[in-house]
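Below: the structure, in C-alpha cells.
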Amino acid sequence: MADMRIISFLMLALMLGACERVVEVDLPNGPTRLVVEARLERVLENVNGRQVIVLSTTGPYLSGVRPPAVRGTTVSVTDDLGHVSVFVEQGTPGQYVTSALVIERNRRYTLRVNWEGSQFESTTTTATIPRIDSLYFVAAKPGQFSGKGGVRATIDTKDPGDERNFYLWEQYLNSVKQLGPDSSIRLPVIVNDELVNGRPVIGYQPFEGIDIPVGTQVLIRQIGLTAELYRYYFALSEQVSNDGSIFAVPLASVRGNVANRTNPVQRALGYFSVSEVSEIRAVRR
C-alpha cells in the first residue's frame, strides 16, 4: 500500500512539472502604424491658445519600451473659416505644440499630418460641456465598496436641455492623475445625458471608489465628447475589460477617426478630438 502511495505521489509530481513548461509564441510584427494623440481643448475657466499633439508609431508587441516618437513631420489644424495653425515639435520628442489656437464653439477643425509620404486627415466639431458648479467632499455611505470608509470628491453641475451631451471625467490628486486597479479608475469615466437631460446633477461622484485624505488638492475635469468619441471610448472600455467569458464582447480592434488619404488601408491609430472642458479645484480640509 505504501508503494502505491509513493508511485501516486511521483506521478502527480510529474504531471505538475509538465504543467510548468513555458511555451514561447513567436508573434510576427505587423506594419508600422502612425499613432495620434490629439485632444484640443477649450478650458472654460482658463481659455488660451496652447494646444499639444503627440505623434508616435506602433512597436513590437510586448516589447516593454516606449513607442517610437515621430520626429520632424508636418502637423497643422485648420478651422472651417480657413484659419491654419501650424504645430512645431517642442520639448519631448514627438510632441507638437502651438500657442495660437484658441478653440471656439460651433467650429469644425481639420487635423492634417504628413508622415512617410502619406497624408493623414481627420475632421471633428467642438464638443460642448456645462461648467462644474461646485466641488465638495462627502463621507462614503456605510457598506459602500465592500465596507471601505473614507471621503469622496463630489460635484454639482447642470446638463443643458437644448442639446445632446456626452461626458468624460478626469480626477487628479496632488497633480497625479487617478489610475489604479479599480475598474472605475482604469477605464474612462464616461456617460451620456439620456437620464439627466436638462436637469441639475447634484452630488455626483465620478471616482466614487477613491478616498480623499485630509490635505489633498483635488482637480476634476469635466470634458465634452462628441457622440462618435463617446462610442469610441465605450468600445475601448469593452475591449480593455474583456475577461474572455462567454458573455464578453468579441475581440476586435477599436477604429479611430484619423484616415490615411494617400493609402486608405493604412489608417492611423488613436483619435482627434476638440472639446470644451470645465475644471474645478478644492483642498480637503
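Any read-out appearing in this document is the output of simple, stated calculations on the displayed coordinates, not a laboratory observation. These numbers come from a predicted model, not from an experiment. Here the Cβ is made from the backbone with ideal geometry for all residues, glycine too, and neighbour counts use every protein chain on show.
A compact table of results
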{"item": "Amide N of region 189-220 lying under 20 Å from the label point, which is placed 7 angstrom from the Cα of A139 along Cα→Cβ", "result": "203-205, 208-216"}
{"item": "Placed amide H near N257: partners under 5 Å, 5+ positions off or other chain", "result": "F272"}
{"item": "Other-chain or far-sequence residues with amide H under 5 Å of N48's (modelled H)", "result": "V43"}
{"item": "For R231, net neighbour charge (Lys/Arg +1, Asp/Glu -1) across residues whose Cβ lies under 11 Å away", "result": "-1"}
{"item": "Simple spin-label estimate for E116 and V265 in nanometres, 7 Å along Cα-Cβ", "result": "1.4 nm"}
